[in-house]
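Q: Below you will find the structure I want to go over with you.
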Amino acid sequence: MRKDAMQPIQTLDEFFTRSGAEVSLYHMGRRVTPCRRETLRAFENGELAWPEPWQGHAKVAIVFRLGDMPEPAIWFLALPLDELGMLSPAQRDGFINRLLETLGRNVANLGTNELGRQETTDVDHLMKDNPLAFTPDITFQAMLNAQATHALGLPASQHLEPVEAYLSGQQVIDWQALGLQGIADYTVRLDQSVADTLAPRISTLPTSVIHSLCYCLEHQPLAEPVLSAIRERGEQAASAGDLETLCACIRAVGSTLTPEVGDWYTSLLKDSAACGPDVLAAIAGRGWSLLEDAERLPLFLQRLAEDKRTQFTAVIRDIALIPRLRLPVMIALRDAPAGSAIQQRMANVMAHR
């Protein structure tokens, strides 16, 4: 028996290391993106705040094949965070204990990667009644499937072909028949040539299609032609009073860290008439990286404080959990001018504690 097999398993990372499982990790909170194994390891060891927290949790998809599993299993786990964005380990520890009890604490089998078929089935069933388990929304599920299959070199779903035909304009198809999984598969394969074909079509797409497309595009940086077309569609929506489409476009460009996106966000934040709770939520939820800016962050906080319809405290707490924004947010709140809307909202919060 290997020496490390004698040591108790205390983290999820240790479990997968000892089991010899094939593992892929994905962030599932603010967007669907690959997550490095080292990130989970450092997070579980208390060395790292979770980089993309969402609603007080580290939400992660673990795609793994254990023992002789015929197909990979997927666990969706929402690990609770403390006020600094670090792991609150109690529920994670309880899950690991339950996991080891399910396997009969057969550490020797874990070390030799010889789990039987029944044991791997039991592992797969651990999500039932698990307080850490969550169900992502359908777009996140579609994006995970698209990204995972693409990363593994597996074929896309059968829904991709009609989406390609429709979005390229090569074939007249009833857009209502397009599958969300096909749109997700399309976006993860959006290279420069496909982007050049898509961009001219964006201004004419039906509203429902542009919404689904935007909710898939938000998980990755966009090529310039698509970025510009999405921004133009968003500005058209703003002029027409179509708030839902405007917010979808704001979200779609949120992973693209370019001056064009930053300038658009700044222009929206400077326009008090355009910058309501939904727009602020879209920026904070998907474009948070662009708030790491000496002008844009104070302006965002100002708009958030000025609008009484916003959940000021909840939004502040949410973005302050993001490691790169925590200190800038604290400084911006501290340096808010006396008598400003920010100071007034903060005073109101303190008064009601």
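Q: Which members of segment 167-198 meet the condition of being out of contact with any helix residue (DSSP H, G or I) (no Cβ under 7 Å at 6 or more places or on another chain) and of a type in the set (V, I, T)?
A: V172, V194, T197
Q: Here's another thing I want to ask about it. Return the residues of segment 212-246 that are among the small types (G, A, S) and either under 17 Å from Q192 (Cα atoms) or not assigned by TED's automatic domain parsing to the domain that holds D278 (or both); say none if nothing qualifies.
A: Step one: of segment 212-246, the residues among the small types (G, A, S) are 212, 223, 228-229, 234, 237-241.
Correct list: A223, S228, A229.
Q: Out of the residues in segment 205-262 meeting the condition of being among the acidic types (D, E) and assigned to a helix (DSSP H, G or I), tell me which one is farthest from Q181 (Cα to Cα).
A: From segment 205-262, those among the acidic types (D, E) are 218, 224, 232, 235, 242, 244, 260; that's our starting set.
If we keep only those that are assigned to a helix (DSSP H, G or I) as well, we get 224, 232, 235, 244, 260.
Numbers: E224: 24, E232: 26, E235: 27, E244: 21, E260: 29 Å.
Restricting to residues being among the acidic types (D, E) and assigned to a helix (DSSP H, G or I), the top hit is E260.
Q: Residue pairs, Cβ under 6 Å, 6 or more apart or interchain, first in segment 32-47 and surrounded by 13 or more Cβ atoms within 10 Å (Cβ to Cβ), second charged (D, E, K, R). List them.
A: L40/D13; R41/D13; E44/D13
Q: Looking at (1) farther than 18 Å from H219 by Cα; (2) part of a loop (DSSP other than H, G, I, E, B), can you tell me which one A156 breaks?
A: (1)
Q: Of the conditions (1) touching a Leu at 6+ places or on another chain (Cβ under 8 Å); (2) at pLDDT 95 or above, E38 fails just one. Which one is it?
A: If we test E38 against (1) touching a Leu at 6+ places or on another chain (Cβ under 8 Å); (2) at pLDDT 95 or above, just (1) comes out false.
Q: So which of R251, R309 ends up being free of Cβ contacts under 8 Å to residues at least 60 places away in the same chain, surrounded by fewer than 22 Cβ atoms within 10 Å (Cβ to Cβ) and basic (K, R)?
A: Numbers: R251 fails: surrounded by fewer than 22 Cβ atoms within 10 Å (Cβ to Cβ).
So the residue among R251, R309 that is free of Cβ contacts under 8 Å to residues at least 60 places away in the same chain, surrounded by fewer than 22 Cβ atoms within 10 Å (Cβ to Cβ) and basic (K, R) is R309.
Q: Can you tell me how many residues in segment 52-82 are farther than 21 Å from F16 by Cα, in contact (Cβ under 8 Å) with a residue 12 or more places away in the chain and part of a loop (DSSP other than H, G, I, E, B)?
A: Within segment 52-82, residues that are farther than 21 Å from F16 by Cα, in contact (Cβ under 8 Å) with a residue 12 or more places away in the chain and part of a loop (DSSP other than H, G, I, E, B) number 4.
The values are calculated or read from the model by the stated rules, or taken from the named source; none is laboratory data. Because the structure is a prediction, the values reported are computed rather than measured. So basically every Cβ, Gly included, is an ideal-geometry build from the backbone, and we count neighbours across all protein chains shown.
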